[in-house]
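Asker: My structure is below; once you've seen it, I'll send some questions.
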Amino acid sequence: MSSQVNDNKHAIRFRCPAELEGLLPQPIPANLGMPDWLKAMPNSAFSALNQQDDDTVKRCPPFIDAMTCGFLIPLICDLRVEDGEISWDNDIPAGGAIDFPRSPVSFHDQSQLTGSPLFEADRFVIKFHNLWTIEAPDGYALFFTHPVNRFDLPFTTLSGLVDCDRYRDNWIHFPAHWHNTGFRGVLPKGTPIAQCIPVKREDWTVQVSAFTPEETQQVHALRATMKREPGLYRRKFRA
């Protein structure tokens with residue numbers, strides 16, 4: 001990755017062993033990794049319920065903004081899945097100054113999920129190996145989760161929050177539940193396996209109250225305006 005990140009206080013710094021430079025697919029801003037199915041979707045579709053064309057989720061800013069937030073971590077090589085077995089070939093060289101996993105995946109023993117909804121006695125939870133160390137700016141943690149709204153993927157990455165401004169000199173791997181037991185074929189190199197979203201550490205409190213009369217009028221006014229002006233959120237409220 002470019003050395004210029006050192007001068008940017010809002011940069012997420014990804015580093016890999018020198019012998020892997022140019023061999024690993026790089027993490028990318030999430031807005032550059034939108035799936036083909038979303039690009040191919042129409043902006044609107046006929047609603048039998050409403051008897052009119054309505055916007056699809058492709059025109060929903062919160063849906064899209066969640067998908068384009070942060071960075072995507074890629075699968076390091078092709079995975080072939082057939083008859084319940086996962087196999088791969090990769091070009092990661094042997095040796096090196098630092099020991100790191102050579103395989104793209106390993107497994108968690110199912111006993112680690114005992115008592116959770118993910119527990120299935122006859123199945124393992126896979127763990128995607130990530131060979132990039134990840135450093136956040138001071139005061140920031142990183143929220144790692146399944147690539148947002150990527151229901152097409154045959155696995156679901158488990159979510160976790162890591163203080164990457166402090167924990168920055170070791171690998172962070174990604175446990176995932178392979179939910180599509182009927183999947184057969186190749187999961188290609190570069191497939192996003194996790195989404196990485198910076199979270200600033202701050203203290204938050206909760207305030208709960210009923211609308212005041214003035215706030216009630218504000219709600220009425222905004223709702224009326226949104227009915228008259230489709231796309232108002234996108235034009236006026238989206239950052």
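Asker: Could you provide, to the nearest whole Å², the per residue accessible area of the chain with probe 1.4 Å?
Answerer: 63
Asker: Also, quick follow-up: Contact order normalised by length for the chain, with contacts defined as Cα pairs under 8 Å and 6 or more residues apart; what percent is it?
Answerer: About 22 percent, as a whole number.
Asker: Give the whole-number value, in cubic angstrom per residue, of the convex hull volume spanned by the C-alpha atoms of the chain.
Answerer: Convex hull of Cα atoms, per residue: 213 Å³.
Asker: Can I ask one more? Might you report the magnitude of the Cβ-based charge dipole of segment 52-106 about its Cα centre, with Lys and Arg at +1 and Asp and Glu at -1, to the nearest 20 debye?
Answerer: 240
Asker: Give me the distance in nm between label points sitting 7 Å out from Cα along the Cα-to-Cβ direction at F100 and F63, one decimal.
Answerer: For F100 paired with F63, the spin-label model returns 3.7 nm.
Asker: Considering only Q26, C60, W37, whose Cα is most displaced toward the positive end of the charge dipole of segment 8-159, charges sitting on Cβ of Lys, Arg (+1) and Asp, Glu (-1)?
Answerer: Of the candidates, C60 comes out farthest on the positive side.
Asker: For the charge dipole of the chain, defined by +1 on Lys and Arg C-beta atoms and -1 on Asp and Glu C-beta atoms about the Cα centroid, which residue among H10, A224, F46 has the Cα displaced farthest towards the positive pole?
Answerer: The residue sitting most towards the positive pole is A224.
Asker: Please state the shape class of segment 91-178: rounded when a/c is under 1.5, otherwise prolate if a/b exceeds b/c and oblate if not, all from the C-alpha gyration tensor.
Answerer: Judged from the Cα gyration tensor, segment 91-178 comes out oblate (a/c at least 1.5, b/c at or above a/b).
Asker: If you don't mind, there's one more thing I want to ask. Report, ordered by chain and residue number, the lysines lying within cross-link reach of K58, taken as a straight Cα distance under 21 Å and ignoring same-chain residues fewer than 8 apart.
Answerer: Qualifying lysines at Cα under 21 Å: K39, K227, K236.
The values are calculated or read from the model by the stated rules, or taken from the named source; none is laboratory data. What you see is a predicted model; the values in this text were computed from it and never measured. No Cβ is skipped: glycine too gets one built from the backbone with ideal geometry, and neighbour counts run over all protein chains shown. Each accessible area value is taken on the protein alone, full model and side chains, heavy atoms only, with ligands, DNA and RNA left out. Shrake-Rupley method; radii C 1.70, N 1.55, O 1.52, S 1.80 Å.
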